[in-house]
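Each reported figure results from applying straightforward, stated rules to the coordinates on display, with no laboratory input. It should be emphasised that the depicted structure is a prediction, and the values quoted were computed from it without experimental measurement. FYI the Cβ positions are ideal-geometry reconstructions off the backbone, even for glycines, and counts take in every protein chain you see.
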Amino acid sequence: MCGIVGYIGWREAAPLLLKGLKRLEYRGYDSAGIALLNEGLLVMKQKGSVSGLEVATEGLSAEMKAAAVGIGHTRWATHGEPSDINAHPHQNTVGDIAVIHNGIIENYSVLKRELISQGYKFLSDTDSEVLVHLIDRIWKSDPSLDLESATRTALRHVDGAYGICVISSREPDKIIVARKGSPLVIGIGKGEYFIASDAAPIVEHTNKVVYLSDGELAVVKKDGYVVKTIENVEQEKIITELDFSIEKIEKGGFEHFMLKEIFEQPAVMHDVMRGRVRLDEGRICLGGIEDYLDRLKHAKRIVICACGTSWHAALIGEYLIEEFARIPVEVDYASEFRYRNPIVGVDDVVILISQSGETADTLAALRTAKEKGALVMGICNVVGSTIARETLCGMYTHAGPEVGVASTKAFSAQVIMLYMLALALSRGRTLSQDEITLNLRELSRLPEKATRILELDSQIKDIAERFKDARNALYLGRGYNFPVALEGALKLKEISYIHAEGYPAAEMKHGPIALIDKDMPVIFIATRDSTYAKILSNIEEVRSRKGRVIAIANEGDQEVSRLAEHVIYIPQSSGPITPLLTVIPLQLLAYHIARLRGCNVDRPRNLAKSVTVE
Ligand code: G6P
């Protein structure tokens, strides 16, 4: 996700800002920029790395080199592709105000239209640029205002999430910062202050910090700072002492990126659904495919192509779209699809799912489908990636950068996208309004349920302790939880190097049952749905062969606890929602087993995060 740094004090700001941005690189980004204040205001920004930006700053004038006030940003594209223009900081037309922004301005299109009608010219495709023009308009309309009050007034017009820094050559002695939903920290030095979206860029300068809370705005000068609420009421802030190493901060206090990303899932769930799940209107709004929705609804068939974890998400998508929208769905490994001369035509829709948007096989499947005349649609996480660019329409998962090679939060985001797609395809056709509303309600309760599951971390760690020396593992589930069994097994084998297989539970008797003995952990996904009774019989079968059963079951289920050696209880939910919940304990189980075995969790051997070769 985007990163913010700011500096005001007595040292040269540019090198400090660049170093700070480097400290934020771990978050992932596609472009970077800084704004410096001395006599005037200078913005330098470009697509690509912070090092690239650093080279560009070598040509700074002596005056700007001496600037002791500045702000910097690393951007992870959400609205608008990665480009020089879309990079932050954004400036007003006369160029005397600069703004950097983390988060999403949900009502940006309304604000943008309004500002354009008042003569404002937008250079970028970002939601963030509205902020600088809004501040400019408010400031111009009342010369008695200052930068602080103009910013405060502007923020009252804004819906959504933000962490922002604003500077102006009209008031060069301050940085205005404000936060709602996107973190900001102020580091307190001697005659100097540091600002950042997390403590990583600050910790090498000072260990004294003040965390802004949501709805707060601060005016930071080189000799002090004042924190107020957005309603202009001054706040007493507690100074916190950091006791983190840089390494730990980069991982947000987690030991590994994978664990951090597992724990980010409730927030990611919110982000994926934000603006899309409209519970009050009883509908789903999917901007990226709106113009094609009719063609999608009338598709003869939908084919979904993907690799790895994304392929597992696709399988859940098949169940969802067929159940809700009653459109036939086929799921193919992208690598198979591209080489088997598939029968696809103009009446078909081919959906490509890819976290990175760069996987070579998925990209080739996309090109094959396009050649054959199918409507091609993408579901990608990385904005501006090749698959996102080459598909006719699509949707971004907005899960934020995923660093751990084993995909976790991106999977959840993909499944939610497919859930929302299935509902959008069903509306006015196969599902009644009541059924749609029921599903929207289920979706909106999801983050809270996921949070409750994450609270089981220490129980899962204990279970991992008992099974860390296993040599094999079997994962069994049915219906919506069959793909979760595959995903659970994949997670375990990827990072712990224990051989693991996922199967539809009923298939156990056609082979895997031969493997069961006292050393075989069998992980059952045994939530209460139409196949619950059958799963219970499968558990009995494993038990009678002395297999060691770990079950994921619904809270309050006594039956399963009678049969299984360990039960992980998750909140009750409707069938189609369950995979989004049942996968979380399996991610944690794989993580803890791998960690206990001393494996390199974030960088498992032989695997790559993005497979751009065949
Ligand atoms: C690699 C990664 C997996 C990922 C797969 C597909 O194998 O290690 O985590 O699921 O590629 O990647 P994509 O970016 O297309 O989703």
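When each of the peptides 521-528, 229-236 is scored by how many other beta carbons lie within 10 Å of its residues on average, the order from highest to lowest is 521-528, 229-236. Using a cut-off of 14 Å between beta-carbons, work out the net charge of the residues near Thr397 (Lys and Arg +1, Asp and Glu -1, Thr397 not included). Combined, the nearby Lys, Arg, Asp and Glu give -1. Determine the alpha carbon to alpha carbon distance for each of Lys509/Lys546; Lys300/Lys509; Lys297/Lys409 and list only those over 24 Å. Violating the 24 Å Cα-Cα cut-off are Lys300/Lys509; Lys297/Lys409. Listing Asp280, Asp84 from fewest to most neighbouring C-beta atoms within 10 Å gives Asp280, Asp84. The residues Lys22, Lys546, Lys372, when put in order of fewest to most other Cβ atoms within 10 Å, stand as Lys546, Lys372, Lys22. Using only alpha-carbon positions in segment 516-614, the gyration tensor eigenvalues give semi-axes of 28, 18, 13 Å once each is multiplied by 5 and square-rooted (largest first). Peptides 430-438, 157-165 ranked from most to least packed, by the mean per-residue count of other Cβ atoms within 10 Å: 157-165, 430-438. In the chain, inverting the average of 1/r over every pair of distinct C-alpha atoms gives 25.7 Å as the Kirkwood radius.
For the listed peptides 10-20, 104-114, a ranking on the average number of other beta carbons within 10 Å per residue, highest first, reads 10-20, 104-114. Taking 7 Å steps out from each Cα toward its Cβ at Tyr211 and Asp517 produces label points 5.1 nm apart. Here the chain carries DSSP beta bridges of which approximately 60% are antiparallel, counting only pairs with both residues inside.
Pairs of lysines in segment 83-220 whose Cα atoms sit within less than 17 Å of one another amount to 4, provided the residues are eight or more positions apart or on different chains. Each part gets one Cα centre, and for segment 49-63 versus segment 493-539 those centres are 57 Å apart. Counting every other Cβ atom within 10 Å of each residue's Cβ, Leu456, Leu486 order from fewest to most as Leu456, Leu486.
With the cut-off at 1.5 for a/c, could you classify segment 259-403 from its C-alpha gyration tensor as rounded, prolate or oblate? The shape class here is oblate. Dividing the radius of gyration of the alpha carbons in segment 477-562 by their Kirkwood radius gives 0.94 for Rg/Rh.
For the cross-link pairs Lys461/Lys491; Lys19/Lys65; Lys260/Lys609; Lys19/Lys609, the ones whose C-alpha atoms lie over 23 Å apart are Lys19/Lys609. By its C-alpha gyration tensor, with a ≥ b ≥ c as the square roots of the eigenvalues, how is segment 105-176 shaped: rounded for a/c under 1.5, else prolate for a/b larger than b/c, else oblate? Judged from the Cα gyration tensor, segment 105-176 comes out prolate (a/c at least 1.5, a/b above b/c). Placing R0 at 25 angstrom, the Cβ-Cβ distance between Thr93 and Leu145 gives a FRET efficiency of 0.85 after rounding to 0.05. For Lys449, the aspartates and glutamates whose Cα comes closer than 18 Å to its Cα, not counting residues fewer than 8 places off in the same chain, are Glu261, Glu264, Asp271, Asp457, Asp529, Glu555, Asp557. Global size of segment 147-215: 12.8, 37 Å for Rg and Dmax (C-alpha atoms, Rg to one decimal, Dmax whole).
The alpha carbon gyration tensor of segment 401-448 gives principal lengths a ≥ b ≥ c with a/c of 1.5 or higher and a/b no greater than b/c, which makes the shape oblate.
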